[in-house]
Structure formats: C-alpha cells, structure tokens
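J.: Got a structure for you, written out below as structure tokens; questions coming shortly.
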Amino acid sequence: MKRRHLLALAAAATLSAMPSAMPSAFAQSAGYPNRPIKLVVPFPAGISPDVVARLIGDKLGAALGQPVVVDNKPGAGGMIGAVAAGTAPADGYTLFFSVKATHAIAPNVYRDAKYNPPRDFKAVAQILQVPHVLTATPKAPYNNMKELVAYAKANPGKIDFASLGVGSQPHVALEVWSQRLGIKLNHVPYKTNPSPDVMSGVVSLSVEASTTAIPLIKSGKVKALGISGAQRIPGLPDVPTMTEFDANLDVNGVIGSSWHGIFAPTGTPNDIIAKLNTEIVKIVKLPEIQARLIELGLTPTGTSAAALDTVANGDYAFWNKVINDLGIKAE
C-alpha cells in the first residue's frame, strides 16, 4: 500500500509539473483538420484576391485532406469580411485571405473600424506581391499618364474613378496620386466589381490588380495608363510604370502595389499555424502555381508567418501616417 501511495504521489507531482497549456493545445490541434476549413475572402467573386484564393484553396484542401471553402464577404473596403474572420473561433477552421488594403488601409480610414489587424490576426503566410494597373475606359480621351494629367487639369472635377469601396487600395492610391499630381478626381465606391462600368464608360478610371487587368487590357476592353512599382511587368511590357512618369509617384510600389496573404484569428495554436504555413509555402513553390501567378502579372513569394507579420504591421503603421496626413477619413 505504502509503495502504491508513493507511486501515486510521484505521478501527481509529474503531472502538476507539466505546463498547463499543453493539454489544451494538444486537444485543440490533435487531428487537425478533421472538417472543412472556411477561407474568408473580403471581396466579390471574380476579382484578383478571389482568383488567387481559389487557386491556393483548392491545392491546400487537397494537401490537408479536407475541403477549403471560399466564403466571399465583400463590402466596406474588405472590413465586413475582416470582422467576420477576426471574430471567428481561433481553431484553425476559419482563415482570412487578406490584402494590403484590408489589413493596412481600411482600418485606418474608417473612424469606427470594428477590427484592428495587429491585434486581431495572426499571420500564416504571404502568397505573393501584386502590381496594380491604372486603367481607363476605351472611350477616354487620354492614353497615358501625361495625357490624363493634362486633361484633368483642363477639366477639373470631371473625371470619375471607381473603387471597391472607401478605404480600398484603388480608392486611397488614386487619392494619393491625384494629390501628388495636383489634379481632382471624383471617387465612386462600388460594392461589386466595377470593371464592367469602366469598360462601358460609366466611370472613367479604376486601379485594377494585374491579375484581372491583363486580360481586359489585351482584349481592348480597357486602356492601361500606368503600372505601380519600379519595374514593368512581363504581361504588359509596353505599359510604363508610374515612376517612369514621375520618379516620386510610387517608389517601389509603396502606394499602388499590394500583397496577398493568409491569416488566422489571434489565439490560433502555433502548431496549426506552422502546419498551414508549411503546406501553403509548398503550394506557392509548385512550378505550375509559380507559372500561373507569373502569367497573371504577380510575383510569388511564399514567406514565413513571421515575415508576413512584419510586413503587415509595417504597412499598417505606414498607412496610418499617410491617411492622417491627407485627412482621408470615413464614418
């Protein structure tokens, strides 16, 4: 009896010495995933983030053995989807496909933003970097940046531009560019893809991700006026960059270029984040995925979670200053 009593005490002491978080962490992530995963995309179907999210999501589902279901929640510059994802259980079964605008711009533009990315999200992996193209309706009386600026100065307030909502990257990029160029443009926010209205001439301009801009430009449905970033892209070799027109307009794409990345709600177990990162990076490095992304004018990356966290938080701080300096705010 005495020996059994001593063994029981020793076992109890061993268990009490183990970190208390271990049982719950193992309980949360053991066997992950054992049901479908939802990937929230805060934009409408058919635009650049949605196209990439479905491409990666299909491969990720196959790698994990569970479906990855894209859940489009557009509106308010991506904030509706961000709030839905950020308030979901931190169990790895809700992921968030975010972009620079949703993560760094919109929450700084809206005074009553219901989410704070550095607080509410944990980085999983960056997928790519993406240039954007300033596109114009085929009916526009200008064909390049020089002609656009001349026309805008001669016709102040007569050019409309479309975006995916107040605080979206197309909105803020054009606000910054027009301010730096000394021209006045009228913002028309959309909740759905504005490309059809740009093609038809209902609105004159839009900033379109290269993913969806390239086929529209090559088919003659829109004109390309300039590309964000420091270098031309293979898919549009004849379209100059914004910095070719003005060296200080978009240094290294800081205003017009973006990134796509996958995040999880804060509190998601580290081993789940690590597992997801490993599989996503493998997918991004696949030759077929690399080729497809490059074909769309994108630069595949596939980074560590820590690298994306640094980029996302740095962009949040950068845009906080730019937006406050320009006084761009929305209720």
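J.: I'd like the distance separating the alpha-carbon centroids of segment 159-190 and segment 134-150, in whole Å.
T.: Spelled out, the Cα-based centre of one part sits 15 Å from the other.
J.: Mind checking which of PRO215, PRO287, ALA274 is farthest towards the positive end of segment 176-293's charge dipole, using Cβ charges of +1 (Lys, Arg) and -1 (Asp, Glu) about the Cα centre?
T.: Comparing the listed Cα positions along the dipole, PRO215 ranks first.
J.: For the chain, with all protein chains present and a 1.4 Å probe, just round the carbon and sulfur fraction of the accessible area to a whole percent.
T.: Carbon and sulfur: 57 percent of the exposed surface of the chain.
J.: Net charge near VAL51: determine it from the other residues with C-beta under 14 Å of the C-beta of VAL51, scoring Lys and Arg +1 and Asp and Glu -1.
T.: -1
J.: Semi-axes of the equivalent ellipsoid for the chain, please: Cα gyration tensor eigenvalues, times 5, square-rooted, ordered largest first, whole Å.
T.: 44, 20, 16
J.: Calculate for the chain the 222 nm mean residue ellipticity that helices alone would give, adding -39,500 (n - 2.57) per DSSP H run of length 4 or more and normalising by residue count, nearest 500 deg cm²/dmol.
T.: Computed mean residue ellipticity for the chain: -13000 deg cm²/dmol.
J.: With every protein chain left in place, what is the accessible area per residue of the chain in square angstrom, probe 1.4 Å? Working shown, then result.
T.: Working: 14380 Å² over 331 residues.
That works out to 43 Å² for each residue.
J.: How about segment 246-324: which trypsin sites (Lys or Arg not before Pro) there are in a DSSP loop, with at most 14 other Cβ atoms within 10 Å of their Cβ? Numbers along the way, then the final one.
T.: On the way: sites: LYS275, LYS282, LYS285, ARG292, LYS321; in loops: none.
Taking segment 246-324 and a limit of 14 other Cβ atoms within 10 Å, no loop trypsin sites (Lys or Arg not before Pro) are found.
J.: Which FRET efficiency value, to the nearest 0.05, is calculated for ALA62 and ALA291 with the Förster distance at 22 angstrom and r the Cβ-Cβ distance? All intermediate terms of the calculation are to be shown ahead of the outcome.
T.: Working: r = 18 Å, r/R0 = 0.82.
For ALA62 and ALA291, the calculated efficiency is 0.75.
J.: Taking only the alpha carbons of segment 182-331, what extent do you get along each of the three principal axes, in Å, biggest first?
T.: Largest first, segment 182-331 extends 49, 40, 33 Å along its Cα principal axes.
J.: Return the percentage of antiparallel bridges among DSSP beta bridges fully within the chain, rounded to the nearest 5 %.
T.: 60
The values are calculated or read from the model by the stated rules, or taken from the named source; none is laboratory data. Computed from a prediction, not measured in an experiment: that's the story for all the values here. Every residue, glycine among them, receives a Cβ derived from its backbone with ideal geometry; neighbour counts consider all protein chains shown. The protein model used for the area step is the full one, side chains on, heavy atoms only, and it has no ligands, DNA or RNA in it. Shrake-Rupley method; radii C 1.70, N 1.55, O 1.52, S 1.80 Å.
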